[in-house]
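The values are calculated or read from the model by the stated rules, or taken from the named source; none is laboratory data. Note that the coordinates shown come from a computational prediction; the quantities given were computed from them, not determined experimentally. Cβ: placed from backbone, ideal geometry, glycine included. Neighbour counts: every protein chain shown.
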Ligand code: SF4
Ligand code: SF4
């Protein structure tokens, strides 16, 4: 079912009609169309962690090498949460992977490229356990695909473009970003350390693998040897573990068991500090909360840990 927005922005290419999976829309992109490559000549593409995983492996680069060579820094919110966008070709705003024959990384292109010419939003209502998905057609003047005589459902378009796998792999990360965006002002500006941790676990998968393999990590976390072997040998599993780790370190959502003695000692220290904070002003409490967060990270000698 479609639903009209009350106040559409007149200059936006996003069409003010929300579509569901079985709604149909008219669009087809094909080689030979007069606008071929136009959409990749002026890009602003936000990368997800799974985009990076696919692209770095396709190009046989480490995550660091890929980041340095093919991406641009950006901020995901007004507090400076770090993000990455796809790089541009020298002295232009064309995508770094654009070739005269089309996309140079087509079968591993990012989720945003797969979605085009659709916009996508996932919303969760208060007290609802599931997200609600909504889609919007994006009609840019240069794109002639909207005039092609071809209609399909959103569902079929998603299958054709292979976005399901990307959405599934990035689902928990999107939730972390939304929660981090919305919790920022409540506890003051997030610490630089929390941003570094977020960047490592989101984008630098090779760096995160080295961290999980480190002695410091094994001292703090109690995982069976076969789980270590699985994480160190399977990048998609490691990425999902990185999101679990972020939720534990940033939000205290405990899912990775800490070694008992380490956990008991940390809990005692944390209780002491929280008791001291209870008598402070709101401002001082927010400041100390940030300090507490940083000190918990330092205790692990690692960029995060079970609090
Ligand atoms: S990755 Fe490919 S599809 Fe995406 S903007 Fe670059 S060239 Fe275009
Ligand atoms: S039809 Fe649209 S998406 Fe396809 S090449 Fe042309 S501008 Fe790009």
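Check the stretch 171-188 and report whether any residue there is at pLDDT 95 or above and surrounded by 18 or more Cβ atoms within 10 Å (Cβ to Cβ). Scanning the stretch 171-188 turns up at least one residue that is at pLDDT 95 or above and surrounded by 18 or more Cβ atoms within 10 Å (Cβ to Cβ).
Just to be sure, is residue 162 surrounded by fewer than 14 Cβ atoms within 10 Å (Cβ to Cβ), farther than 27 Å from residue 250 by Cβ, touching a helix residue (DSSP H, G or I) at 6+ places or on another chain (Cβ under 9 Å) and in contact (Cβ under 8 Å) with a residue 12 or more places away in the chain? So residue 162 fits the description; yes. Among the residues of the stretch 143-159, those that are more than 11 Å from ligand 2 (Cβ to nearest atom) and in contact with a helix residue (DSSP H, G or I) (Cβ under 8 Å, 6 or more places away or on another chain) comprise 152, 158.
Filtered by the rule that a residue be surrounded by 14 or more Cβ atoms within 10 Å (Cβ to Cβ) and within 16 Å of ligand 2 (Cβ to nearest atom), the stretch 42-56 gives 43, 45. Evaluating residue 140 against the criteria (1) closer than 28 Å to residue 19 by Cβ; (2) buried (at least 17 other Cβ atoms within 10 Å of the Cβ); (3) within 16 Å of ligand 2 (Cβ to nearest atom) leaves one unmet condition, (2).
Conditions (1) in contact with a strand residue (DSSP E or B) (Cβ under 6 Å, 6 or more places away or on another chain); (2) more than 9 Å from ligand 1 (Cβ to nearest atom); (3) without any contact (Cβ under 8 Å) to a residue 60 or more places away in the chain; (4) assigned by TED's automatic domain parsing to the domain that holds residue 169, marked per residue:
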residue	(1), (2), (3), (4)
46	yes, yes, no, yes
55	no, no, yes, yes
77	no, yes, no, yes
102	no, no, no, yes
115	no, yes, yes, yes
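If the condition is being away from ligand 2 (no atom under 16 Å from the Cβ) and on the phi > 0 side of the Ramachandran plot, then the stretch 77-126 contributes 80, 91. Annotation for the stretch 118-128: no member residue is in the same structural domain as residue 51 (by TED's automatic domain parsing), assigned to a strand (DSSP E or B) and within 12 Å of ligand 1 (Cβ to nearest atom).
Scanning the stretch 63-104 for residues that are in contact with a helix residue (DSSP H, G or I) (Cβ under 6 Å, 6 or more places away or on another chain), modelled with pLDDT of 95 or more and part of a loop (DSSP other than H, G, I, E, B) yields a count of 2. With (1) closer than 30 Å to residue 191 by Cα; (2) part of a loop (DSSP other than H, G, I, E, B); (3) more than 16 Å from ligand 2 (Cβ to nearest atom) as the list, and residue 60 as the residue in question, which single condition is left unmet? Among (1) closer than 30 Å to residue 191 by Cα; (2) part of a loop (DSSP other than H, G, I, E, B); (3) more than 16 Å from ligand 2 (Cβ to nearest atom), residue 60 violates only (1).
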